[in-house]
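Have a look at the structure below before the remarks.
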């Protein structure tokens, strides 16, 4: 039996916490704007970006190329909120979001948080359910589109 050789492409990615205001941060802002805001006709305000100063900013990179990102915001002493999850459109479904989520959850656990919450867009609820999150609210509108509160105990 003869098998045709196939090209196998592996994505080598580094997950890291970045600094607010750094060059990587501005890459993150651009990605979030392109994926999350522009399609809705929205942009970030200077105040919104300034408010991110104390958040934990997480990015996935392949070499210097940003693949995806998210951030963690303390809500209460034992609860952290996941926000602004974005992965480059043509790379969605390749494990980047899952890797970001696992990194964010482990980081949250290491910092003593017991619960992660988020406002998930309706169209991605299934992804988060596969990651162990549960819908914890009725549907509501945020930034003009349907969302649900989702929760996971760590």
- Query: If the Cβ limit is 7 Å and pairs must be 6+ apart or interchain, which residue in the range 132-144 that is at positive phi and in a loop (DSSP other than H, G, I, E, B) pairs with which residue that is surrounded by 11 or more Cβ atoms within 10 Å (Cβ to Cβ) and modelled with pLDDT of 95 or more?
  - Reply: 132/152
- Restricted to the range 81-101 and to residues being part of a loop (DSSP other than H, G, I, E, B) and in contact (Cβ under 8 Å) with a residue 40 or more places away in the chain, the residue farthest from residue 131 (Cα to Cα) is 88
- Item | Count - residues of the range 54-75 that are assigned to a loop (DSSP other than H, G, I, E, B) and at pLDDT below 95 | 2
- Hey, could you check the range 76-88 for residues that are modelled with pLDDT of 95 or more and either surrounded by fewer than 17 Cβ atoms within 10 Å (Cβ to Cβ) or more than 10 Å from the chain's Cα centre (by Cα) (or both) and say which is nearest to residue 150 (Cα to Cα)? 81
- Item | Residue satisfying all of: in the range 89-103; within 11 Å of the chain's Cα centre (by Cα) and surrounded by fewer than 22 Cβ atoms within 10 Å (Cβ to Cβ); farthest from residue 30 (Cα to Cα) among these | 102
- Selection count, the range 1-53, where residues are in contact with a helix residue (DSSP H, G or I) (Cβ under 8 Å, 6 or more places away or on another chain), in a helix (DSSP H, G or I) and either more than 17 Å from residue 143 (Cβ to Cβ) or at pLDDT 95 or above (or both): 2
- Just one of (1) buried (at least 16 other Cβ atoms within 10 Å of the Cβ); (2) touching a helix residue (DSSP H, G or I) at 6+ places or on another chain (Cβ under 9 Å); (3) more than 24 Å from residue 13 (Cβ to Cβ) trips up residue 125, so point out which. (2)
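The values are calculated or read from the model by the stated rules, or taken from the named source; none is laboratory data. Note that this is a predicted model, so its numbers are computed, not measured. Quick reminder, even Gly has a Cβ in these numbers, built from the backbone with ideal geometry, and neighbours come from all protein chains shown.
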